Amino acid sequence: MTTFAELGLSPKILAAVEAAGYTTPTPIQAGAIPQALERKDVLGIAQTGTGKTASFVLPMLHLLEKGRARARMPRTLILEPTRELAAQVEENFVKYGVNHRINVALLIGGVSFDEQERKLERGADVLIATPGRLLDHFERGKLLLTGVEILVIDEADRMLDMGFIPDIERICKLIPFTRQTLFFSATMPAEITKLTEQFLHSPARVEVAKASTTAKTVTQRLVKSAKKPWDKRAVLRDLIQAEGDDLKNAIIFCNRKMDVSELFRSLVKHGFNAGALHGDMDQRARMTMLSNFKDGNLQLLVASDVAARGLDIPDVSHVFNYDIPIHAEDYVHRIGRTGRAGRSGKAFSIITGADTKYLDAIEKMIGEKIEWLDGDLSTLPAQEETEETGRRGRNNRGKNGKKSRDKDHKEKQAQPRVAEEKTAEAPQAVADISALNAPQPVLPDNVSIGTAVTAEPVRPAPHKNGHEDRRQNHNQNGQQNKRHRRDFDDEPSPLGFGDDIPAFMLIPINI
DNA sequence: AAAAAAC
């Protein structure tokens, strides 16, 4: 079996790898590192969770040992599709670069330019960036890409999904062709193959057997539910409680950002130790939520698909699909957050009558039928007329019977109820939850409860037209609906604390 | 029925 020492890495790097507790390289590392050290282009085909990041970070450190960076001229560039992934790669440089003196700059959106510019000015050995912010810096003239010796394109197929390919092409053309290119993708659709033909020079192809769709160590179950959000939330709570101590930590996926916020608030109200993660959250809150979840301070993370792929969150015992994903491949990515490295994991998907089409597609794709936990949809009692739905339905609806979140929201402010949905007790309710149910200003979209209790003024009544356009990339038709959404969702981005979030707010609620 | 990413 290969060892790290045989790969040709410098002693400084080997020491750091050993200190990090690794002895044996993964297949992608064993395949890619020697090629990269020989300055060959590499085409790495590997999923996340295969040790892919180290397979470019380690050889990069090795090659960076000679020479040093000049102002505004980074020596290497790594492109990542999401901010979290970019930050995660930076962490890898910290971990494996403990014995090196290298300057790493992280260029991602959602945070201020100033510090990023300072780091560029100081001379960056490694630039880790999402495409938009990188080009933004470039257009401002803060950055020259002519000194880049190594270019890494990570998660190329995801970049494709996200429409980044034109940006990637543009960036590639700004970098001298004498560079070395390391290119990673989990799949190779035609567009990606074309891209590699365009930008790689006789690459060494390193392919890691794809973890056959879904890991065998993951127990998958379907759970029936009526369609209404409060029904689904109750089903979820029951599931979480039924798992008891088996549930160490879990990611709960929703299809929409708005539902992430809503479910997060609901879970917290019910006394669960939960956080939230989606792309409209303030970057700082995103980072904090993620690190708190990784550190075990948060047990549950309600997330959009921003968390479905790539994020290195070891040891998630459970994945819940609060919504079943619309695209079958997302199902695989989501449940791939558990059952990693041979450990066992459980994945529960809440299914309503409207979901069967997507469920069929998923089962077809993974090539198996997923078992129902407790009877399939046909065993679902007729839901409409139950006391439960009746009561909640009234509270959740506006005069015309259409859902009016804004109204619902204000009602909650005015006369908060002790228990939102059915009076399920919180699982391990110990701490003083009453504060959460006390009258309070609008509970912010993004962060934990502490915020609401602070004297942050309730946000001024309806939005003036002007500043609604921050997120105008929603659908074109249906202005009415759109307004509803915004009124609820478009809280002043987290809390209006600007860059200075008081520390206590970032402390998750431990119960 | 979506999310992500620049301002």
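Annotations for the structure displayed:
- Listed pairs A:K52/A:K248; A:K194/A:K257; A:K248/A:K369; A:K66/A:K294 exceeding 30 Å between Cα atoms: A:K194/A:K257; A:K66/A:K294
- Packing around the peptides A:18-25, A:218-225, taken as the average count of other Cβ atoms within 10 Å per residue, puts them in this order, highest first: A:218-225, A:18-25.
- For A:I351, distant residues with modelled amide H under 5 Å away: A:V223, A:K224, A:S225
- Charge dipole (debye, nearest 20) of the range A:71-194; +1 at Cβ of Lys and Arg, -1 at Cβ of Asp and Glu: 460
- Across the range A:221-335, counting alpha-carbon atoms alone, Rg and Dmax equal 13.0, 36 Å.
- For A:L182, the residues whose amide H sits under 5 Å from its own are A:V42, A:L151, A:V152, A:I153, ignoring neighbours fewer than 5 places away on the same chain, with H placed 1.01 Å from N.
- Efficiency of FRET between A:T24 and A:S291 - r from beta-carbon atoms, R0 45 angstrom, step 0.05: 0.95
- Tensor-based shape of the range A:4-207 (alpha-carbon gyration tensor, a/c under 1.5 rounded, otherwise prolate or oblate): oblate
- Trypsin sites (Lys or Arg not before Pro) within the range A:101-133, DSSP loop, no more than 16 other Cβ atoms inside 10 Å: A:R101
- Computed from backbone phi with θ = phi - 60° and the Karplus coefficients 6.51, -1.76 and 1.60, the 3J(HN,Hα) list for the range A:76-91 is 9, 9, 10, 9, 10, x, 10, 5, 5, 5, 4, 5, 5, 5, 4, 4 Hz; x is used for glycine and proline.
- Inter-part distance where the range A:107-136 and the range A:336-363 are each reduced to a Cα centre, Å: 37
Values in this text are rule-based calculations from the coordinates and carry no lab data. All of these numbers come straight from a predicted model, not from anything done at the bench. For neighbour counting, all protein chains shown are included, and Cβ atoms are generated from backbone atoms with ideal geometry for every residue, glycine included.
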